Amino acid sequence: MDKNRLAAGSFRLLLHVVLIVGVFALFLWANGKDPIQAVRDTVRINLLQWRGLWGVMVRMAPLLLTALAAAFPFRAGLINVGGEGQFFLGALLGTWAALNVPGLPQWITVPIVLLAGAVGGGLWGWIPGLLRARGWVNETISTLLLNYLAPLIVGYFVFGPWRAPELAIYPQTPEFPDVARLPALGTTRLHVGFFIGLLFLFAYWFFIHKTRWGLEMRSVGGNPEASRRLGVPVSRWVVLAMVLGGAMAGLAGIAEVAAVHYRLKLAISPGYGFMGFLVNWLAGSNPVGIVLMSFVVALIASGGFTLQITQRIPYAAVNVLLALILFVVLAKPASGILAKSLARRWKA
Amino acid sequence: MDKSPVLRAEGITKRFPGVVANNRVNFDVHAGEIHALLGENGAGKSTLVKILYGFYQPDSGTISLDGRPTPIRSPREARGHGIGLVFQGFTLIPALTVAENVALFLSKLDWYISPKKLAAQIQEASRRYGLELEPKTPVWQLSVGQQQRVELLKLLLTRARVLIFDEPSKVLAPHEVDTLFGIFRDLRNDGYSLVFITHKLREALTCADRITVLRQGQVAGSLNAQDASEEKLVELMFGEPLKEVATRERGSKFGKPILELVDICTRAVGTTPALRQVSLTVHEGEIVGVAGVSGNGQRELGDVILGLIKPTTGKKIFLSQEATAWPPARMIGQGVAFVPEDPLAMAVVPWFSVLENVALLSPKRFSLYGGLGMAWDKARAVARAGFERLGLNPLPERARAASLSGGNLQRLVLVRELSRDYKLVVGLYPTRGLDVRSANAVRQAFLQARAAGKGVLLISEDLSELFALSDRIVVMLRGQIVGEVRPDQTSLTEVGRMMVGVGHG
């Protein structure tokens, strides 16, 4: 029985990989590119060179956190696809803090800025959480819609009141003061945000599996009806899980701005919020899985930028690949049936 | 009446895990006959008709059509043989019209459906049997009664000869029931065979030609309508008192009141009935049984006590404190234990381990450092002691709840709910669907609670269980308490009559 399940699982994974790689290779080939060379370039530049590897890890930093933005609510039985919007709101509030703190030393300023970012994201998670807890709007719909609103709000500020005076043709804020920037590791580009991500991943694991609150939150996700009857405050956990998730994405947003761009503008995310959702889905909300899957997705994203240069493949191709992955992963049940029947035939 | 029945089922046995739903059931229906299947919930009526319709396969027994043995392997085959079933929940598509819904159901669908021909057929059938349906009306505009008639129409147009209805009156208003029964009679006079399920005596007596009563999966009796009477049917439905579950002395002194409900009323939400003026007291060392056909407000009564439903008027007093507005957490904290039916849905988290589920009742009690950790050792000790005190074999602590049998799940719930300083146990059909041994474990636990001076409120449909355990029995009907009796001064038949409203309008 277990052997069968394992066989079916392996088949499924194999099918996924074959499907994804195969279709993407076909896509590249149909566009007149060399798929094998594309893989070679990606590996050579992004994995085998220190510079490239640091770059991949810099991309992992926001993904770790946006994956958590989906993971916390998922444990409470909620689907948060609003990571992208929460990312932008976090960047917005964090920027406000960074541009307004009086001259304090870095070790105080940075936590304040990060906290403001978490509050911003948390606020953007609180709204759908509240709507859901009241039984008014499904959180999947509301988080998705709020994704469209958040960049517009950021747009208002960078085009309007916060626009930098020195380079007024660009819609962006002035640069962050040095004290508000996240320090990087030595001479690399790898910034503190990456380690904050790891830290929160550990905190997430601890919270979910070790604490009383984690037990309650998982029970809400596991059986809301029983939880209600056991006196677990279900609606409170629904709101809290969304706020926690939003805060994670907000943290990712402000960390990205304060460590990579140093100023708020519209082009701060190549879709980190959505990628984080994908990471969490692939990882099944497991912390170690989130690290691994963040690496894979970050590698794909970095590879996309590499291929833009070496093979002149538009970056959008990466979105095609990520969408393919999502598509194949969501098609799990069907492919599972296929894999099972294959496994059965294999045995016979 | 014809000599040989159109449809005959012989020796039908069907087991589900832990329960025998049908035990050597014989059933038949003739052409031009209305046959009522009567019985309590869980008596096996639905299972039987689903077997006739090919939805379930019987473990043993045969089905014959026109005297020839004919296995029915799927609903599709059943329809091919002219057997149609109208489910309790309808299978219509609201956005489509009556004609479109009917067309979808026709088995031999031509590539082009002539709307005129179909409409003519619908209108003809509608006129003949007074269905009052227009082909072009969208289904979402129809009343529930009309929707039911669309289901019937579907069967008629596929030339079904045997029409089976699973509790058709459940969704209908009284006047709609009369209309439906009028249609039944017209159909019978045209030679159709009709089977309908009900647990209402009066419906069986007014409409059926023959009545078969099922009790606990077996045929308790089959009567022609002219030979049947309310008394006879009640006796067949509920039987005579079974053996006592456990020995206990009755009528001992009770202590102070633990729970008092005073004139509780609630609002009806959706299809749930409202409670009307429910007053009830449970004392220390007393088991109060609540009898009734399920769906008459028992679940709501339990939810009011637990604090899930706030009464619109009335008062709830728990341990001499006004507790009307207390939320579930506070009721539980003050000592209410709740043992519901179907623990997997209502009481446990399926993919939590046994231990986690035990800890879930009061996570605070087992938390360390204000919640930063959980004292699993303490939870383990409590669980072990609980199993021992209830005289149960301990369950593997790491096993997931979803992997346990229904009986073991209920043992887990018992251990969790009763391993603390509780004052009142509320059982909401706690033995429903359990095998005999597990059911007895639950009953034993309730008797233990009573002996320890706790209050017990036992909501059940199993009258022999209520008679064996209760000090007092109240009967609920349509959200009201319609009677209160003492088991040693009444009979099962008497309570059964009250449950179905005989002599109470």
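A few remarks follow.
- D_trans [Stokes-Einstein, Kirkwood Rh over alpha-carbon pairs] for the protein assembly as shown, 25 °C, 0.890 mPa s, µm² s⁻¹: 77
- For the stretch A:80-125 versus the stretch A:14-54, the spacing of their alpha-carbon centroids is 35 Å.
- Shielding by partners for peptide B:344-351, expressed as the average number of C-beta atoms from other protein chains within 10 Å of each residue's C-beta, is 5.
- For the stretch A:172-192 versus the stretch B:437-500, the gap between their alpha-carbon centres in whole angstrom: 72
- Using Cβ point charges alone (K and R +1, D and E -1), the dipole size of chain B about the Cα centre works out to roughly 1140 debye.
- Using R0 = 56 Å, the C-beta based FRET efficiency linking B:THR13 and B:ALA95 works out to 0.85.
- Taking a ≥ b ≥ c as the square roots of the Cα gyration tensor eigenvalues, chain A comes out oblate, since a/c reaches at least 1.5 and a/b does not exceed b/c.
- Other protein chain Cβ atoms within 10 Å, averaged over every residue that makes up B:361-373: 4
- Simple spin-label estimate for B:ASP186 and B:VAL20 in nanometres, 7 Å along Cα-Cβ: 4.4
- Only Cα pairs under 8 Å and 6+ residues apart enter the sum, and on that basis the relative contact order of the stretch A:179-302 stands at 22 percent.
- Helical contribution to [θ] at 222 nm, DSSP H n ≥ 4, -39,500 (n - 2.57), averaged over chain B, rounded to 500: -9500 deg cm²/dmol
- Once you reduce the stretch B:358-426 and the stretch B:9-56 to the center of their Cα atoms, the two points are 39 Å from each other.
- Relative contact order [Cα under 8 Å, 6+ residues apart], chain A, whole percent: 33
- Evaluated with a Cβ-only charge set (Lys, Arg +1; Asp, Glu -1), the protein assembly as shown carries a dipole of roughly 1980 debye about its Cα centre, given to the nearest 20.
- Between B:ASP227 and B:ARG389, residue separation times 0.36 nm minus the direct Cα-Cα distance comes to 53.1 nm.
- When you filter the chymotrypsin sites (Phe, Trp or Tyr not before Pro) in the stretch A:188-223 for DSSP loop state and at most 14 other Cβ atoms inside 10 Å of their Cβ, nothing is left.
- Around B:GLU100: net Lys/Arg minus Asp/Glu count, Cβ-Cβ under 13 Å: +1
- Positive-end ranking of A:GLY221, A:VAL101, A:LEU182 along the dipole of the stretch A:64-290, with charges on Cβ about the Cα centre, is headed by A:GLY221.
- Distance between modelled label sites at A:TYR148 and B:ALA451, nm, 7 Å Cα→Cβ extension: 6.7
- Cross-link pairs beyond the 28 Å C-alpha cut-off, checked among B:LYS310/B:LYS423; B:LYS253/B:LYS315; B:LYS200/B:LYS423; B:LYS256/B:LYS364: B:LYS200/B:LYS423; B:LYS256/B:LYS364
- Averaged over A:204-216, number of beta-carbon atoms from partner chains that fall within 10 Å: 4
- A:HIS209-A:ARG51 FRET efficiency (beta carbon distance; Förster radius 30 Å; 0.05 resolution): 0.20
- Shape category assigned to the stretch A:130-228 from the gyration tensor of Cα positions, a/c cut at 1.5: oblate
- Each Cα pair under 8 Å and six or more residues apart adds its separation to the average, and for chain B the resulting relative contact order is 15 percent.
- The stretch B:84-195 - Debye-derived log10 I(q)/I(0), Cα point model, q = 0.15, 0.19, 0.23 Å⁻¹: -0.60, -0.99, -1.49
- Whichever aspartates and glutamates have a C-alpha closer than 16 Å to that of A:LYS33, once near sequence neighbours (fewer than 8 apart) are set aside: A:ASP41
- Simple rule: put +1 on each Lys or Arg Cβ and -1 on each Asp or Glu Cβ in the stretch A:64-290, find the dipole, and look at A:ASN286, A:GLY117, A:TYR272; the Cα lying farthest toward the positive end is A:ASN286.
- Rough spin-label spacing in nm, given labels placed 7 Å along Cα→Cβ, for B:ALA120 and A:ASN319: 5.7
- Rounded, prolate or oblate (a/c below 1.5 giving rounded, otherwise prolate when a/b exceeds b/c) for chain B by Cα gyration tensor: prolate
- Dividing the summed -39500 (n - 2.57) terms of all DSSP H runs of n ≥ 4 by the residue count of chain A sets its mean residue ellipticity at 222 nm at -25500 deg cm²/dmol.
- Relative to the longest principal axis of the Cα atoms of chain B, the long axis of helix B:406-418 makes an angle of roughly 30 degrees.
- Listed residues B:ALA43, A:GLY90, A:MET242: farthest to the positive end of the dipole of the protein assembly as shown (Cβ charges): A:GLY90
Since every read-out is calculated from the coordinates, none of them should be taken as a lab result. Predicted model only: the values in this text are computed from it and were never measured. Virtual Cβ from ideal backbone geometry, glycine too; neighbours counted across all protein chains shown.
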